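Structure first, then comments.
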Amino acid sequence: MLPSTLLTTLLATMATASAVPSTNPAPIALIPRDTNIANVQAAAQTALDAKIAAGCNFLKCVIALAPASAVCAAAAAEAGVNVIADIACFAAALNLGANPPAACRGC
């Protein structure tokens, strides 16, 4: 082929290939999002109001959970080296689940 014929053939092929419609589907959103943040904030406020109405005092609850948090923080600081601290943290978490402090019962 002559260079001009080769160039013409290449250009014709490219033009034909670009004219073929794409069969790729439109991208799908993997995570549905609520575009109206006001709805999310209102739902969160409603949930918080319901907890407060049920007798939850978040500050008192956090203070009541502090001893167990300290035990688990110490265990985490040792990164699994001290098995006794890990067991103490697990036991504290189980105890809190079975016997929540009075300040956390409404929460």
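What follows draws every value from the coordinates through simple rules; no lab data is involved. Remember, it's a predicted structure, so these values are computed and weren't measured experimentally. Cβ atoms come from the backbone with ideal geometry, glycine included; neighbour counts cover every protein chain shown.
Condition first: touching a helix residue (DSSP H, G or I) at 6+ places or on another chain (Cβ under 8 Å), surrounded by 13 or more Cβ atoms within 10 Å (Cβ to Cβ) and not aliphatic (A, V, I, L, M). Can you find one or more residues in segment 32-44 that meet it? Talk me through it step by step, then tell me what you get.
Applying the first criterion (touching a helix residue (DSSP H, G or I) at 6+ places or on another chain (Cβ under 8 Å)) to segment 32-44 yields 34.
Applying the additional criterion that residues be surrounded by 13 or more Cβ atoms within 10 Å (Cβ to Cβ) yields none.
Among the residues of segment 32-44, not one is touching a helix residue (DSSP H, G or I) at 6+ places or on another chain (Cβ under 8 Å), surrounded by 13 or more Cβ atoms within 10 Å (Cβ to Cβ) and not aliphatic (A, V, I, L, M), which makes the answer no.
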Restricted to segment 75-90 and to residues being within 27 Å of the chain's Cα centre (by Cα) and exposed (fewer than 14 other Cβ atoms within 10 Å of the Cβ), the residue nearest to Leu48 (Cα to Cα) is Phe90
